[in-house]
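Peer 1: This is the structure, below, for whatever I ask next.
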Amino acid sequence: MCNNKTAQDTCVLVTGGAGFIGSHTVVELLQDGYEVVVVDDLSNSSEKVFDRIDTIVGDDAAERLTFVRADVADKDAMEAVFDTFDIDAVIHFAGFKAVGESVQKPIEYYSNNIGNTLALVDVMRAHDCKSLIFSSSATVYGDPDSLPLTEDSPKKPATNPYGWTKWMIEEILRSITVADPAWNVVLLRYFNPIGAHASGLMGEDPKGIPNNLLPYVAQVAVGRRDAVHVFGNDYDTPDGTGVRDYIHVVDLARGHVAALAWMRDKAGCEVFNLGTGRGTSVLQIIKAFSAACGRDLPYVIEPRRAGDVTANYADCTKARELLGWEAEFGIEEMCRDSWNWQSHNPYGYEG
Ligand code: UFG
């Protein structure tokens, strides 16, 4: 990325920009003055999110947004995008993300997630665009030996194909920066993104039965499901339920904008954890969401879920010191905003 450019003359390609984290990042980029091109095939998202984005950012900023419906693995479509727009940097979210489904469909997960990344970097190289932020995951740390997790904590074997795709794509991108020092790659390892835009216009909209805790809790709160299933209460944690580092999706989105500004005059490959540094248990989440929605949410204790770790939370010192970024919101705001979204959009964008 040319280092004397400002946000106002920087064009960012966001793959998967119609999805949960992608859409919130697009809003933050537009509000910071960037020109944004979203490529999304809408396989797990809704085009209606773009009307919501326009409403949030206003007409002037919305003019800087272009949506192209395409699969990132479609090289002809991606060539056309790079021919049409002067892309300075790419934020790559597009990918399959359901852990359980990845166990059932490993060929699809490896082929889609790794295949689309390789197609993307090939087209980027051909157009001499070598700045990339990749959407990685704390899943690469596996079952940690010690907490909190720093970026130097060892990567551990993944427990499912989804996790392996994140693990492997990190290594692929690192190899690319070794082979060609002109590449500038930032790997962002997300902890557990939850919450929604404070406007109530954008949020998480999973298809089918939610795999993740928060969308499930939100659907119980809105009456779509009977009770939260708590996967295990015999972990070595204060209340026996699993502990995670939940991060507000708007904080996470702002982490991408901070990384984009930081990498302007950099090259190589750098890793950052994006979390809050605080662990919260499943029961604490249910309690906080109950407070947000104004009634005690029912739950039942179930056996542990295969592949789950006891606890993980981040050390976010590196992001604070280098990116000047820190999560602002706590669990209360995350549950408040998630409830605001769910209660106004009980069936998501299409409802
Ligand atoms: N949980 C329940 N009931 C549910 C769903 C989850 O009790 O219905 C529990 C889990 O056992 C875990 C916690 O809630 O203790 C969080 O589970 P999530 O499924 O919401 O999140 P995970 O930590 O399992 O997964 C997240 C991301 C993955 C990523 C993984 C590892 O969704 O993409 O973190 O970092 F791979």
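Peer 1: Which of the residues that make up segment 28-46 are within 17 Å of residue 57 (Cβ to Cβ), in contact (Cβ under 8 Å) with a residue 60 or more places away in the chain and surrounded by fewer than 24 Cβ atoms within 10 Å (Cβ to Cβ)?
Peer 2: 28, 32, listed by residue number.
Peer 1: Then there is this: For segment 111-129, does any single residue satisfy the condition of being within 15 Å of the ligand (Cβ to nearest atom) and either open to solvent by 70 Å² or more (accessible area, probe 1.4 Å) or within 19 Å of residue 268 (Cα to Cα) (or both)?
Peer 2: no
Peer 1: When the residues of segment 6-27 are filtered to those that are assigned to a loop (DSSP other than H, G, I, E, B) and out of contact with any helix residue (DSSP H, G or I) (no Cβ under 7 Å at 6 or more places or on another chain), which remaining residue is surrounded by the fewest Cβ atoms within 10 Å (Cβ to Cβ)? Write out each step before concluding.
Peer 2: First, pick out the residues of segment 6-27 that are assigned to a loop (DSSP other than H, G, I, E, B): 6, 10, 16-19.
Filter again for out of contact with any helix residue (DSSP H, G or I) (no Cβ under 7 Å at 6 or more places or on another chain), leaving 6, 10, 19.
Numbers: 6: 11, 10: 23, 19: 27.
Result: 6.
Peer 1: Sticking with this one: For segment 211-231, give me the residue count where each residue is within 7 Å of the ligand (Cβ to nearest atom) and over 19 Å from residue 138 (Cβ atoms).
Peer 2: Count: 4.
Peer 1: Answer with yes or no whether residue 187 is in contact (Cβ under 8 Å) with a residue 24 or more places away in the chain, open to solvent by less than 20 Å² (accessible area, probe 1.4 Å) and not polar (S, T, N, Q). Reasoning before the result, please.
Peer 2: On the way: in contact (Cβ under 8 Å) with a residue 24 or more places away in the chain: yes; open to solvent by less than 20 Å² (accessible area, probe 1.4 Å): yes; not polar (S, T, N, Q): yes.
When the stated conditions are applied, residue 187 passes them.
Peer 1: Can you tell which of 72, 90 is of a type outside the set (Lys, Arg), part of a strand (DSSP E or B) and crowded, with 20+ Cβ neighbours inside 10 Å?
Peer 2: Selected residue: 90, the only one of 72, 90 that is of a type outside the set (Lys, Arg), part of a strand (DSSP E or B) and crowded, with 20+ Cβ neighbours inside 10 Å.
Peer 1: Go through (1) under 19 Å from the mean Cα position of the chain (by Cα); (2) away from the ligand (no atom under 14 Å from the Cβ) for residue 165 and report which single condition fails.
Peer 2: It is condition (2) that residue 165 fails.
Peer 1: Would you please list the contacts, defined by Cβ atoms under 8 Å and residues six or more apart or on different chains, that run from a residue in segment 87-115 that is within 30 Å of residue 9 (Cα to Cα) and touching a residue at least 60 places away in the same chain (Cβ under 8 Å) to a residue that is aliphatic (A, V, I, L, M) and assigned to a loop (DSSP other than H, G, I, E, B)?
Peer 2: Listed pairs, sorted by first residue: 88/1; 89/1; 92/72; 94/72.
Peer 1: Kindly state which strands (runs of 3 or more DSSP E) lie completely within segment 129-215 and contain at least 2 residues that are modelled with pLDDT of 95 or more, in contact with a Lys or Arg (Cβ under 8 Å, 6 or more places away or on another chain) and of a type in the set (Gly, Ala, Ser). Even if it seems obvious, please write down each step before you answer.
Peer 2: Details: elements: 131-137, 184-190, 192-194.
Output list reads 131-137.
Peer 1: Filter segment 27-43 for residues that are touching an Asp or Glu at 6+ places or on another chain (Cβ under 9 Å) and closer than 15 Å to residue 204 by Cα and give the result.
Peer 2: Answer for segment 27-43, where residues must be touching an Asp or Glu at 6+ places or on another chain (Cβ under 9 Å) and closer than 15 Å to residue 204 by Cα: just 43.
Peer 1: For segment 91-111, check the following and say yes or no: at least one residue is touching a strand residue (DSSP E or B) at 6+ places or on another chain (Cβ under 8 Å) and among the small types (Gly, Ala, Ser).
Peer 2: Yes, because at least one residue in segment 91-111 is touching a strand residue (DSSP E or B) at 6+ places or on another chain (Cβ under 8 Å) and among the small types (Gly, Ala, Ser).
The values are calculated or read from the model by the stated rules, or taken from the named source; none is laboratory data. Since the model is a prediction, treat every value here as computed from it, not as a measurement. Positions of Cβ are backbone-derived with ideal geometry, glycine not excepted, and every protein chain shown enters the neighbour counts. The area values use the complete protein model at the heavy-atom level, side chains included, leaving out ligands, DNA and RNA. Shrake-Rupley method; radii C 1.70, N 1.55, O 1.52, S 1.80 Å.
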